[in-house]
Amino acid sequence: VTVDAETGGPTRAPAPDARRWAGSTRTFDAVGHRFAVRTTREGLGRLLDDAYAVHVTTEPPTHWYSVVDDLPGEWPHALLLAHDVLARSADPATILGHLVWHVNQQVIAAEDRVLVHAGAVAHGDRAVLLPAAMEAGKTTLVAGLLLRGYRYLSDEAAVIDPSTLQVLPYAKPLSVDPGSWPVLPGLRPQVLPDTVDYLARQWQVPIGAVPGGEVAAPSVARLLVFPTYRAGAATTVEPVRRAEALLAVLRQTFHLHRAGGDKLDTLARVVEGTACYRLVSGDLVQACDAVEDLLDRTSRDVEVSRG
Amino acid sequence: VGEATVGHRSAPRRDPSVAWRVLDGEAVLYHDRLGSVCLLDPIATTIWQELDGVRELETISSELAVRFGSDARRVLDDVLEAVASLGAQGLIDGVRADPGVVAELQLPTPEEHVRATPGEPKYRRVPPDG
C-alpha cells in the first residue's frame with residue numbers, strides 16, 4: 001500500500017474484492033451508465049439500492065463503486081471506482097455527495113441523448129421542464145410537485161430522446177439541501193442509524209420514499225418554466241418568447257459542443273411544442289400553484305386550438 | 001469580405017460553423033467553433049437570412065426596402081449596422097470577431113453546470129497510482 005504523505009492514508013485502497021461488505025446494491029443502468037455500489041455500512045447499501053431502484057438492470061455492472069469508512073489516517077471515508085480512490089474525506093456526507101455527483105457526470109456524458117440541466121416532472125402524458133442553473137430551487141420545486149401527484153423524471157437532468165422528443169426518466173435520488181428541509185420535512189430519509197451521518201449535509205431521497213412518488217413514463221414536454229428561488233420574493237410569472245426560451249435552454253444544455261447543431265435542432269423542436277414562462281418565487285406552495293395553473297392554462301389552450 | 005469592414009458592395013456570408021433556427025421570427029444561433037449562442041431580434045433575423053454570400057448588401061437592402069415599403073437608404077444603414085454587429089459576434093464568414101463580444105456569448109463549461117460537491121469539499125483527488 002502506498003502511503004499518502006499528507007493524509008497518512010493509502011492512495012490505493014485495499015483490494016475491494018478482499019473486503020467484507022456490509023451492504024451492496026443491485027446493478028443500475030442510468031442512461032447508459034451501468035453501475036453497482038458496495039459499502040461498509042449496511043444502511044447505506046440499502047439507501048443506495050432504493051435511491052436508484054428505478055434503473056435496476058439484470059446486466060452486470062461495468063462500474064463498481066465502493067464506499068468505505070475504515071481507511072487509516074484522518075480521512076477514513078472514501079469513494080472508490082474499482083480500485084481507484086475518487087475522493088477521501090473526514091466527512092461521510094461528502095463521500096455520498098461525491099458518489100451522486102460522479103454518477104451524474106457519467107449520465108450527462110451520454111452521447112445519444114440531449115441532456116439539459118433541468119428538473120422535470122410529468123402530469124398525465126405532459127412533461128414540465130424546469131431548466132435552471134444550480135441553486136435556483138429545481139429540486140425543491142420538483143419535490144413540491146411530486147407531493148401534489150406529479151410524476152418524477154429528474155431533479156437534475158432532463159434527458160431528451162432526439163428521435164421522439166420524449167423526456168426520459170433519470171430518476172436519481174432527489175438531492176435536497178438543508179435550506180429546503182423545513183419545507184419538505186416529510187422527505188427526511190428513514191435510514192438505519194449507521195447511515196445518518198451520510199445525510200448530514202444533503203438528503204438523498206429515493207423517489208420511492210416520497211409519499212405517493214412515482215416515476216413518469218417518457219413524456220413530451222408541454223410546459224417550460226424557468227424557476228428562480230429568491231428568499232422573500234413575491235411569486236411572479238411572466239411569459240418568455242420561444243426564441244428567448246431556446247437560448248436559455250441552450251445555456252443549460254450539457255456538452256452542447258458535441259453535435260451542437262443537432263442538439264439545437266432537437267431543442268428547437270421541443271421548445272416549439274411548449275408554452276414558456278419565467279417564475280420567481282420565495283414560497284414553495286405558491287410556486288407549485290403557479291406551475292399547476294400554467295399547465296392547466298396550456299391544456300386549455302391546446303383544447304381551444306383543437307376546437 | 002474584408003477582415004474588419006463590410007461595405008455596401010460586400011456580399012457577406014453566414015459563417016458555415018453557425019447552426020441556427022428561427023422561432024416566431026427570431027433566430028437563435030449556435031456557433032460550433034466559438035462555442036457561443038445568441039439571439040437575433042426580428043430585424044436582424046430578416047437580414048441574417050439574406051446573407052447568402054452572393055448578393056451585395058446594397059441589393060439585399062433594396063429588396064428589403066421594397067418588401068417592407070421602407071426608404072432604401074435607411075434600410076441600407078440598418079443592414080450595414082446589423083452586419084457589423086453580426087461580424088463582431090463572429091457570425092460572418094471572413095469578418096474578424098470581437099473577442100470581448102464573443103466572450104459574453106460563450107457557453108459555460110460543463111463543470112459549471114453541475115455542483116462540484118455539496119458543502120465544503122474536504123477531500124482531494126488522489127492519483128490512481130499514488
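Any read-out appearing in this document is the output of simple, stated calculations on the displayed coordinates, not a laboratory observation. Here the structure is a predicted model, which means the values were calculated and not measured. Please note: Cβ atoms are built from the backbone with ideal geometry, for glycine as well, and neighbour counts cover all protein chains shown.
Quick notes on this one:
- Per-pair calculated FRET efficiency, R0 = 35 Å: A:Thr62 and A:Ala200 via Cβ, rounded to 0.05: 0.70
- Directionally averaged shadow of the range A:88-161, computed from the convex hull of its alpha-carbon atoms, nm²: 5.9
- Take each residue in A:236-243, count the other chain C-beta atoms within 10 Å of its C-beta, and the mean is 3.
- Calculated [222 nm] ellipticity per residue, helices only, for chain A: -8500 deg cm²/dmol; basis is -39500 (n - 2.57) per DSSP H run with n ≥ 4, divided by all residues, nearest 500.
- Among beta bridges identified by DSSP and lying wholly in the protein assembly as shown, the antiparallel ones come to about 75 percent.
- FRET efficiency estimate (nearest 0.05) - Cβ-Cβ, B:Ser17 to A:Arg241, R0 30 angstrom: 0.75
- One way to sum up the overall shape of the range A:41-127 is the equivalent ellipsoid from its Cα gyration tensor, whose semi-axes run 29, 15, 14 Å, largest first.
- Using alpha-carbon coordinates, inclination of helix A:284-306 to the longest axis of chain A, degrees: 50
- Among the residues of A:87-99, the average count of other protein chain beta-carbon atoms within 10 Å of the residue beta-carbon is 4.
- The range A:167-307: antiparallel DSSP beta bridges as a percent of all, rounded to 5: 55
- Length released on extending from A:Asp289 to A:Asp112, taking residue separation times 0.36 nm less the Cα-Cα span: 60.2 nm
- Taking the Cα centre of the range A:148-244 as reference, the dipole from Cβ charges on Lys and Arg (+1) and Asp and Glu (-1) amounts to some 300 debye.
- The relative contact order of the range A:80-196, computed from alpha carbon pairs under 8 Å that lie at least 6 residues apart in sequence, is 20 percent.
- Mean separation of Cα contacts under 8 Å (6+ apart) over length of the range A:125-188, as relative contact order %: 28
- The local environment of B:Ile43, defined by Cβ-Cβ distances under 13 Å, has a net charge of -4 under the rule Lys, Arg +1 and Asp, Glu -1.
- Each part reduced to its alpha carbon centroid, the range A:231-269 and the range B:64-81 end up 32 Å apart.
- Average beta carbon contacts from partner chains per residue of B:56-67, 10 Å cutoff: 0
- Loop chymotrypsin sites (Phe, Trp or Tyr not before Pro), the range A:168-242, which have at most 14 other Cβ atoms in a 10 Å radius of their Cβ (DSSP): none
- Computed from Cα atoms, the angle from the helix A:92-108 axis to the main principal axis of chain A rounds to 50 degrees.
- Spherically averaged projected area in nm², based on the convex hull that wraps the Cα atoms of chain A: 17.0
- Low-density loop cleavage sites - trypsin sites (Lys or Arg not before Pro) in the range A:204-307, where at most 15 other Cβ are within 10 Å (DSSP): A:Arg230, A:Arg241, A:Arg258
- Rounded to the nearest 0.05, the FRET efficiency derived from the C-beta distance between B:Glu104 and A:Glu42 at R0 = 60 Å is 0.70.
- Remark: relative contact order (the range B:1-89) = 29 percent; criterion is Cα-Cα distance under 8 angstrom and separation of 6 or more residues.
- Where a label projected 7 Å from the Cα of B:Asp71 along Cα→Cβ would reach, residues of the range B:27-60 with amide N under 11 Å: none
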